[in-house]
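Student: Structure incoming, see below.
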Amino acid sequence: MPAFIQMGSEKHFSSLHTTLCATGGGAYKFEQDFRTMGDLELCKLDELDCLVKGVLYIDSVGFNGRSECYYFENPTDAERCQKLPFNLENPYPLLLVNIGSGVSILAVYSKDNYKRVTGTSLGGGTFFGLCCLLTGCSTFEEALEMASHGDSTKVDKLVRDIYGGDYERFGLPGWAVASSFGNMMSKEKRDSVSKEDLARATLITITNNIGSIARMCALNENINRVVFVGNFLRINTISMRLLAYALDYWSKGQLKALFLEHE
Amino acid sequence: MAERGGRGSGHGSLDKSITLPPDEIFRNLENAKRFAIDIGGSLTKLAYYSTVQHKVARVRSFDHSGKDIDNEPLYEISVQEEITARLHFIKFENTYIETCLDFIKDHLVNTETKVIKATGGGAYKFKDLIEKKLGLKVDKEDVMTCLIKGCNFVLRNIPHEVFAYQKDSDTEFRFQTNHPNIFPYLLVNIGSGVSIVKVESEDKFEWIGGSSIGGGTFWGLGALLTKTKKFDELLQLASKGQHTNVDMLVKDVYGGACQTLGLSGNLIASSFGKSTTADKEFSKEDMAKSLLHMISNDIGQLACLHAKLHNLDKIYFGGFFIRGHPVTMRTITYSINFFSKFDMLEMDRLERPLVNLPLLKDPSTYIPDTVDLTDDAMARKYWLTCFEEALDGVAKRAAASQPDSVDAQERAEKFRQKYWNKLQTLRQQPFAYGTLTVRSLLDTREHCLNEFSFPDPYSKVKQKENGIALKCFQSVIESLDSLGWEERQFALVKGLLAGNVFDWGAKAVSDVLESEPQFGFEEAKSKLQERPWLEDSYSQWLERLKEGPPHKCALIFADNSGIDIILGVFPFVRELLSRGTEVILACNSGPALNDVTYSESLIVTERIAAMDPVIHSALRDEKLLLVQTGSSSPCLDLSRLDQGLAVLVRERQTDLVVIEGMGRAIHTNYYAVLRCESLKLAVIKNSWLADRLGGKIFSVIFKYEVPCK
């Protein structure tokens, strides 16, 4: 950030006769720095307002004639998985899940009426942070790359590891994760997993948790469409498809996970 | 936890020579009658029901057929061996399952049991192993059914099972009284993973969700990040960590202006969010703390979301992840399975049902204890010191009460050590054993004495004092009968109070009794505090006796043996009977200090009836009834009384309750509100307590209370 402001100062941003609108926490946190270092006055806008307005705007404009909003058909089937357009013409009510460093979940009832339902601190920052600590990676892209090659089932304890198969009484399939990182209590197992496996497990854990909370919010608010946005999902197809699958599976098809081309 | 004696090189060669301290972990295994095992994702929980031999003191009337009555002891005391049932609870990591099964097999010598009940995932996975090792047939039960039945059981039967945790409050732990109606509730069981169950009734419950982020995640991720292998060590690290070094907070994102988002600056925006930007390494402590917060917050949030969806306002958190650690409990409100602390449960406590006194004004808000020592640090320090100082004397008395036993000294020392350790633990962690009150300190002491086969250390003292008091009974009655009515009422009350002074439980008194054995009843009466007493509603009581009709039935909770019951209580009882009031005399079911027990009261009453026609005819006509309270404590919990007593109270339309003694009227029930008239009497035999209440040692409390309309 300081380097950016410095650059702005060098390039005489302040001489541009245009307002610099800023949102997000940093609009407040760095306001003073912008003023003193860059001689720039920020026009601060509430991030959630911007988020909602942005989502609605970008869908109305479309993406080079295509739909901005889409969903996945057969998300976990590598061969048959398809991205299909979704018409957001009548979007309300909508559950908006913004996954950045942290997560905010909004219920949007009309273009001017929305509320922040809840959030979670287990977000993109957690995934990246834990990955750095567990694998020594240094960029988000690197972390995702590792995750794409890993096998999280080595790291997680699944239902079938505990029950030997499905647990019918609860309706839990054997492949469901019973305890994330549950196998890592054993030294042997810790020594046998790779960095890629750990990266994958971290991604899966965070993604599933977000999906779970989003699903509960959707049920509580009586909303059946959930739009996931935020930089966590940038180039992160694994998470998008997992969210799509999880929401569909655990809601028995009642909830739909939606995404935007420009997340 | 089981530890290996030798070094094994993997699952194949498990060392047979295990250094398990069997007395402490697998107690009473030989007589185990029923086994149940719950094999979860990481931990195995074993419960077994076995019998224990156990000393109990019994009293029995002698057959006086013309023998030397004056010099013979009043009744016979015998110490008998009784068999009681106990439930034991053990936990160990799944990796040790084979070793533990072998150990159990080696020690299961006296059992006729053929079946072991099993639940949890492991019931499927380890079925063959268990059947092979133990030679028992595995009978599988559904884990959710077991979980709910167990939860309902503890919610109904174990007092102070449930507590709420409030961060930054003066009293961090608020123990909840057992609510009469426990349903519906949400149970969040945190094991390796999390199960969320909605319970609507005994038989109607449903798994409604879960989470894979649970204890296993904490353990697994914790091990990876901090290289700590043990769960408890991780918690230890967490307690010393600063999560703000690792987590990104809202104020880190916003600077100061957090009100725009409507969130507090101290909330965590992104767990482990600083990991990406920090240059230095994080400490193990900080990471462990961050991890703990992350997981606990997540579970709490999911629990709330589920509760909201199903309209439930009670959420109980159970499972081994929590373990009473303040660090874990700081983020959400919990209820905890106390079996992780108490690994044994006396079954016969639960065989006679315990119920509320029907005369309690509001049973759902009744709390017996007057002072909560977890709340009141000064009081806590005082009482812990007081009990520490008294301990040597108690141990000596215990040993001296069994002069014919060769190992009495040894057992007394073990008792002293054990109780001492408990007191020290309580100094460090006042919440370690649940609620902390003078009552719990007294009761724990009694339990420890029982554990080391000292069921009734005061039995001989009581016997001697009962004998002496009986000899004085008739002359006391004669002098009372010679007084005018008003004078007599006052003398009776003074008699009750003076009698109450004879309490071996109070150090101030036992010192005197030990040094001045002739300190008798008359002296006690003469030394009684002059009116006005510290709490003095005697005039109102007198007024009531003068103006009002005789009470229909009085319930009297007796305190000490000897002079108290015979020369204090009985004349008072006699007066009530003469007025036409029925009397229910309630005494302890089991011994505690020198309190009179129900069985002793039967003998004493028989003797008095032989001397006194009023008592004699009252017994015969069932106007005087003797019952047991259901308690073996020097204190009194009116919400857990013997059902027989409760039934009788209703039948006889009791309209007066008399509670005497420090234990029953001051340490407990001082503020208890009843639906009928009540008398609470005691002489304060502890200077600190007297000071607290605004008086001096040996101050008198005479509280006559009338229910407000």
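What follows is calculated from the coordinates using simple rules that are stated; it is not laboratory data. Everything quoted here is computed from the prediction, not taken from an experiment. In this analysis, Cβ positions are derived from the backbone assuming ideal geometry, glycine residues included, and neighbour counts consider all displayed protein chains.
Student: Can you list the DSSP H helices in chain A whose Cα atoms extend at least 24 Å along the helix axis and whose mean Kyte-Doolittle hydropathy is -0.5 or higher?
Tutor: Span-like helices here: A:195-221.
Student: To the nearest Å, what is the center-to-center distance of the stretch B:184-198 and the stretch B:572-588, using C-alpha atoms only?
Tutor: If you average the Cα positions of each part, the centres end up 52 Å apart.
Student: Given axes a ≥ b ≥ c from the Cα gyration tensor, I'd like to know whether the stretch B:510-613 is rounded (a/c under 1.5), prolate (a/b larger than b/c) or oblate.
Tutor: Taking the square roots of the gyration eigenvalues as a ≥ b ≥ c, the stretch B:510-613 is oblate.
Student: With each run of n ≥ 4 DSSP H residues scored as -39500 (n - 2.57), what mean residue ellipticity at 222 nm is computed for the protein assembly as shown after dividing by its residue count and rounding to the nearest 500 deg cm²/dmol?
Tutor: -12000 deg cm²/dmol
Student: If you don't mind, there's one more thing I want to ask. Hey, any idea what Rg/Rh is for the stretch A:1-54, computing Rh the Kirkwood way over Cα pairs?
Tutor: We get a ratio of 1.00 for the stretch A:1-54.
Student: Toward the positive end of the charge dipole of the protein assembly as shown, about the Cα centre and with charges on Cβ (Lys, Arg +1; Asp, Glu -1), which of B:Leu267, A:Leu198, B:Phe452 goes farthest?
Tutor: A:Leu198
Student: Right, next: What is the total of Lys pairs in the stretch A:1-158 with C-alpha atoms under 23 Å apart, excluding same-chain pairs fewer than 8 positions apart?
Tutor: 9
Student: What list do you get for B:Tyr254, B:Tyr48 if you sort them by fewest beta carbons within 10 Å?
Tutor: Lowest to highest Cβ neighbour count: B:Tyr254, B:Tyr48.
Student: Which whole-Hz couplings ³J(HN,Hα) result when phi for each residue of the stretch B:573-585 is put into the Karplus expression 6.51 cos²θ - 1.76 cosθ + 1.60, θ = phi - 60°, listed in order with x for Gly and Pro?
Tutor: Along the stretch B:573-585, the couplings run 4, 4, 5, 4, 4, 5, 7, x, 8, 6, 10, 10, 9 Hz.
Student: Please report the relative contact order for the stretch B:538-641, taking Cα pairs under 8 Å with a sequence separation of at least 6, and give it as a percent rounded to a whole number.
Tutor: Taking the mean separation of contacting Cα pairs over the length of the stretch B:538-641, I get 28 percent.
Student: Restricting the count to DSSP beta bridges whose residues both fall in the protein assembly as shown, what percent are antiparallel, rounded to a multiple of 5?
Tutor: Around 65 percent antiparallel, to the nearest 5.
Student: Along the charge dipole of the protein assembly as shown, pointing to its positive end and built from +1/-1 on Cβ of Lys, Arg, Asp and Glu, which listed residue (B:Gly241, B:Phe473, B:Gln489) has its Cα farthest out?
Tutor: Going by the charge dipole, the pick is B:Gly241.
Student: Hey, fewest Cβ within 10 Å first, where do A:Asp59, A:Asp161, B:Asp106 land in order?
Tutor: Going from least to most buried by this count: B:Asp106, A:Asp161, A:Asp59.
Student: Based on the alpha-carbon gyration tensor of chain A and its eigenvalue square roots a ≥ b ≥ c, which shape applies: rounded if a/c is under 1.5, prolate if not and a/b is larger than b/c, or oblate?
Tutor: It is oblate, given that a/c is not under 1.5 and a/b is not larger than b/c.
Student: When the Cα atoms of the stretch A:127-176 are enclosed in a convex hull and the volume is divided per residue, what value in Å³ results?
Tutor: 90 Å³
Student: What are the residues whose amide H is under 5 Å from the amide H of A:Val117, where those residues sit 5 or more places off or on another chain and H is modelled from the backbone?
Tutor: Excluding prolines and chain starts, which carry no amide H, the hits are A:Ile105, A:Leu106, A:Ala107.
Student: If you don't mind, another one. If you find the alpha carbon centre of the stretch B:478-493 and of the stretch A:9-84, how far apart are they in angstrom?
Tutor: 93 Å
Student: For the stretch B:443-456, in order, what is each residue's ³J(HN,Hα) by Karplus, 6.51 cos²θ - 1.76 cosθ + 1.60 with θ = phi - 60°, in whole Hz (x at glycine and Pro)?
Tutor: Values per residue, Gly and Pro as x: 5, 4, 4, 4, 4, 5, 4, 4, 4, 9, 6, 10, x, 7 Hz.
Student: For Cα pairs less than 8 Å apart in space and 6+ apart in sequence, what is the mean separation divided by the residue count of chain A, i.e. the relative contact order in percent?
Tutor: 18 percent
Student: Okay, next question. Rg and Dmax of the protein assembly as shown, Cα atoms, in Å?
Tutor: In Å, with Rg to one decimal and Dmax whole: 35.0, 122.
Student: What does the C-alpha gyration tensor say about the overall shape of the stretch A:157-234? Classify as rounded when a/c is under 1.5, otherwise prolate if a/b is larger than b/c, or oblate.
Tutor: Verdict is oblate for the stretch A:157-234.
Student: If I take every Cα pair under 8 Å that is 6 or more residues apart in the stretch A:181-263, average their sequence separation and divide by the length, what percent do I get for the relative contact order?
Tutor: Once normalised by length, the contact order is 30 percent.
Student: Also, I was wondering about something else. So between B:Val406 and B:Gln428, what do we pick up on full extension, going 0.36 nm a residue minus the alpha carbon distance?
Tutor: Taking B:Val406 through B:Gln428 to full extension adds about 4.4 nm, to one decimal.
Student: So, with +1 on the Cβ of K and R and -1 on the Cβ of D and E, and no other charges, what is the size of the charge dipole of the stretch B:362-419 about its Cα centre, to the nearest 20 debye?
Tutor: Dipole size: approximately 280 debye.
Student: Arrange B:Asp375, B:Asp298 by Cβ neighbour counts within 10 Å, fewest through most, would you?
Tutor: The most exposed by this proxy come first: B:Asp375, B:Asp298.
Student: State the Cα centre-to-centre distance between the stretch B:417-456 and the stretch A:156-235 in whole Å.
Tutor: 44 Å
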